[in-house]
Amino acid sequence: MSLKSAAKAVVPQSLLVARRKFLLRRTERRFRDASNAEIFSTVYERAHWGADAGQGFDSGDGSRDPAVVGPYVEALRTFLTSLAVKPDVVDLGCGDFNVGRQVRPYAAGYIACDVVPALIERNRTLTDAADVDFRVLDIARDPLPAGDVVTIRQVLQHLSNADITQVVGKIAQYRYAIITDHQPAGGFTPNVDIPSGPHIRVGIGSALDLAAPPFSMPFAEVRELCLVPSSEGGVIRTTLYRLS
Ligand SMILES: C[S@@+](CC[C@H](N)C(=O)[O-])C[C@H]1O[C@@H](n2cnc3c(N)ncnc32)[C@H](O)[C@@H]1O
């Protein structure tokens, strides 16, 4: 057990939640007038999610831990190879690309986007990502690239409800959306608003339910694709939405 997990086990839950609310308010003040590019560039510069992946960009445990990434890649392999035609995949918020590079073989075209320009520059130099179209874009503000399947893995959990609403309004253009969210292990209060930034809803007992207000995302069919425990507590749930 890490020191952080041991501390969490002895500190009363109410104190942990109060501390996380304080951190969220601090994030809100710090980034009040910042763009998402500025916010997430700072997150990487300050290694908020870790400094283990090397080359200055680390998207966190959820992007690296084989116990979390392995089942996700296998679930995507099974789904993507079940489609009659190999699909074009759009990866929104691709991060350090440790996960995307493992999904890439099961797609026809692969467009990987992130809001951090320096990270996309670095990803373009990855030797095993030569056949990937890397783009800088803010998924809340910019038009989204065309494709068959969109993957949004552990990205919306970092965004405010206003930003998520913008994304949800644009994903009807895809046939399928595969969305991954870090959630509390038991029940949770859906869709509590947070400022866009390094923190996520799970620390305050919340997570995303895109079918519920304020998002009420329309879809034809929904199914859980993958559920794994996180080493940081809670679970990482991947949901497949058929959009048309
Ligand atoms: C926790 S990382 C997850 C990375 C990757 N999807 C994975 O699962 O390994 C979240 C990523 O989303 C990106 N991101 C956050 N807000 C974004 C936005 N508005 N537009 C595009 N990318 C965004 C961040 O820069 C970061 O790289």
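P(r) tail for the stretch 3-242: Cα pairs beyond 24 Å make up 44% of the total.
Each part gets one Cα centre, and for the stretch 170-233 versus the stretch 62-116 those centres are 18 Å apart. For the stretch 142-244, relative contact order (Cα pairs under 8 Å, six or more residues apart, normalised by length) works out to 31 percent.
Taking the convex hull of the alpha carbon positions in the stretch 102-244 and averaging its projected area over all directions gives 8.8 nm². Counted over the stretch 3-242, the DSSP beta bridges are approximately 45% antiparallel.
For the chain, a Gaussian network of Cα nodes joined below 10 Å ranks 48, 199, 158 by mean-square fluctuation, and the top entry is 48.
Helical content of the chain, expressed as a calculated mean residue ellipticity at 222 nm, amounts to -8500 deg cm²/dmol (DSSP H runs of 4 or more residues, -39,500 (n - 2.57) each, divided by residue number, nearest 500). For the stretch 151-236, what is the percent of antiparallel DSSP beta bridges, rounded to the nearest 5? If we restrict to bridges inside the stretch 151-236, about 45 percent are antiparallel. Loop-resident chymotrypsin sites (Phe, Trp or Tyr not before Pro) (DSSP state other than H, G, I, E or B) in the stretch 98-189 with no more than 14 further Cβ atoms inside 10 Å of their Cβ are absent.
Here, each number is a calculation from the coordinates, and none is a lab measurement. Note that this is a predicted model, so its numbers are computed, not measured. No Cβ is skipped: glycine too gets one built from the backbone with ideal geometry, and neighbour counts run over all protein chains shown.
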